[in-house]
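So the structure is just underneath, and the comments pick up after that.
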């Protein structure tokens, strides 16, 4: 069993990470993975668990938390008839296949490569959050046929390589194809379940050589449990803050924050 000198700092860091992720998720409606993956990485690195597979642990643990948070979100939205089940049925298979492919690729990549992917895509996500417009459109209806297969597979694949759920890519995608924003947010929670369930299950069966204490496969159980507990407590606080202030400027500030984190990931991937 690890010593208290290791466990207590680890617990303290995980409590802070979970609390911050919950507030931001409630305040801005963004998925926790964009925060959790880099936060987990820096926390475990500080504790001395840096290894070529550490980024895989962070992705897997983030995806495991998304199962719980996305299921809660889908249940709440479905109670208000906001989830578009037709989109989930039409896109679910392709998103799931992309997610499984993402796990297989991630399991063969070193942390530096995964950091570079997270950093590059994170910069693009931050730019979209900062400068994207609600009236941008690519079409009047969601694509079907080969285009749906390609886009859906890409959503699942990139989400796993980023350790994120369905909201980061799903909400902009559906908005660009004229799905009303509230329905897009609700349906994207369903994307999160479809992405996280198969990917976290496979990650549980793919152990890593060097990992933080109580890691099963590539999923760190203390980080999973503490994050879920803290987000349940702090997400309602974020929601109350969102109703008390204008989230627009805060979202732009968060976009800058994400880009800084992503650029730092790119710096580390480059060895600086």
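The values are calculated or read from the model by the stated rules, or taken from the named source; none is laboratory data. In this text, all values refer to a predicted model and were calculated from it rather than measured experimentally. All Cβ positions, even for glycine, are placed from backbone atoms using ideal geometry, and neighbour counts span all protein chains on display.
Within segment 18-38, the set of residues being assigned to a helix (DSSP H, G or I) and either modelled with pLDDT under 75 or under 17 Å from residue 211 (Cβ atoms) (or both) comprises 25, 26, 27, 28, 36, 37.
Condition first: part of a helix (DSSP H, G or I), within 22 Å of residue 205 (Cβ to Cβ), touching a strand residue (DSSP E or B) at 6+ places or on another chain (Cβ under 9 Å) and modelled with pLDDT of 90 or more. Can you find one or more residues in segment 47-55 that meet it? Checked segment 47-55: no residue is part of a helix (DSSP H, G or I), within 22 Å of residue 205 (Cβ to Cβ), touching a strand residue (DSSP E or B) at 6+ places or on another chain (Cβ under 9 Å) and modelled with pLDDT of 90 or more.
Condition check ((1) over 24 Å from residue 76 (Cβ atoms); (2) surrounded by fewer than 21 Cβ atoms within 10 Å (Cβ to Cβ)) across all residues:
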{"residue": "171", "(1), (2)": "no, no"}
{"residue": "174", "(1), (2)": "no, no"}
{"residue": "189", "(1), (2)": "no, no"}
{"residue": "197", "(1), (2)": "no, yes"}
{"residue": "206", "(1), (2)": "yes, yes"}
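Filtered by the rule that a residue be more than 18 Å from residue 20 (Cβ to Cβ) and modelled with pLDDT of 90 or more, segment 213-253 gives 214, 215, 216, 217, 218, 219, 221.
Residues in segment 129-185 that are free of Cβ contacts under 8 Å to residues at least 60 places away in the same chain, part of a helix (DSSP H, G or I) and over 17 Å from residue 97 (Cβ atoms): 131, 171, 172, 175, 176, 181, 184.
Among residues of segment 66-89 that are on the phi < 0 side of the Ramachandran plot and exposed (fewer than 12 other Cβ atoms within 10 Å of the Cβ), none has a Cβ under 7 angstrom from a residue that is in a helix (DSSP H, G or I) and at pLDDT below 90 at a sequence gap of 6+ or on a separate chain.
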